[in-house]
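Following: one structure in structure tokens, then a few remarks.
The numbers here are math on the coordinates, done by the rules we state, and not lab data. All figures in this text were calculated on a predicted structure; none of them were measured in a lab. Neighbour counts are summed over all protein chains in view; Cβ atoms, including those assigned to glycine, are modelled from backbone coordinates with ideal geometry.
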Amino acid sequence: MEENKEHTLDYDSILGQARDLAGLIADSEEVERFKQAEKKINANETVQRLIAEIKQKQKRIVTLEHNRKDDQIPALEQEIDALQDELDQIPIVVEFRQSQADINELLQMVTSAIASKVSEHIIVSTGGDPLYNEIGYSKVVPHLE
């Protein structure tokens with residue numbers, strides 16, 4: 001029992017390590033590419049104009065919905081779709097979206113690796129079989145089966 005306590009971390013230690021991991025992620029190539037792409041997007045007048053037009057039309061739709069003038073909404077939705085298509089063709093927008101996807105993929109991989117390692121540790125520490133992903137408590141306490 002003593003041996004396990006030596007390896008047990010408190011919340012502060014775990015959160016400290018999580019902050020360290022967050023720092024590593026924040027300093028990653030993926031995040032750097034994202035920041036550069038975001039700068040380009042913010043500096044691009046065409047992109048900013050299209051975004052502003054889309055937002056304006058979305059606000060107009062909300063107003064029309066509030067005033068129950070739904071008949072005008074489909075035309076505005078088509079205009080938004082056309083603006084969005086135009087926006088989606090701009091290379092820096094494509095680069096920005098790809099950088100977002102890369103960060104999300106990295107975060108998913110980290111989350112998955114953590115979950116997998118914790119699960120494996122629980123299985124092994126309970127005398128379970130990691131090959132079959134079964135914990136061992138059911139062998140100790142039969143009513144858990």
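Listed values, structure above:
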{"quantity": "Fluctuation leader among 75, 113, 101 - the chain, Gaussian network, Cα springs under 10 angstrom", "calculated": "75"}
{"quantity": "Value of [θ]222 nm, deg cm²/dmol, for the chain, DSSP H segments ≥ 4, -39500 (n - 2.57) each, nearest 500", "calculated": "-26000 deg cm²/dmol"}
{"quantity": "Only Lys, Arg (+1) and Asp, Glu (-1) charged, at Cβ; the chain dipole about Cα centre in debye", "calculated": "640 debye"}
{"quantity": "Taking the chain and dividing mean pair separation by its residue count, relative contact order in percent (alpha carbons under 8 Å, at least six apart)", "calculated": "19 percent"}
{"quantity": "Top of 118, 47, 110 by mean-square fluctuation, Gaussian network on the chain, Cα under 10 Å", "calculated": "118"}
{"quantity": "Local electrostatic count, residue 19, Cβ distance below 13 Å [Lys/Arg +1, Asp/Glu -1]", "calculated": "-3"}
{"quantity": "Listed residues 112, 13, 28, most fluctuating in the chain (Gaussian network, C-alpha, under 10 Å)", "calculated": "13"}
{"quantity": "Answer label, with Cα Rg over 2.2 N^0.38 Å calculated from the coordinates and candidates (i) 1.13; (ii) 1.03; (iii) 1.73", "calculated": "(iii)"}
{"quantity": "Nearest 10 degrees, 0 to 90: helix 91-125 Cα axis against the chain principal axis", "calculated": "20 degrees"}
{"quantity": "Order of 116, 99 - criterion: other Cβ atoms within 10 Å of each residue's Cβ, fewest first", "calculated": "116, 99"}
{"quantity": "Packing-based order for 16-24, 29-37, using average beta carbon neighbours within 10 Å, highest first", "calculated": "29-37, 16-24"}
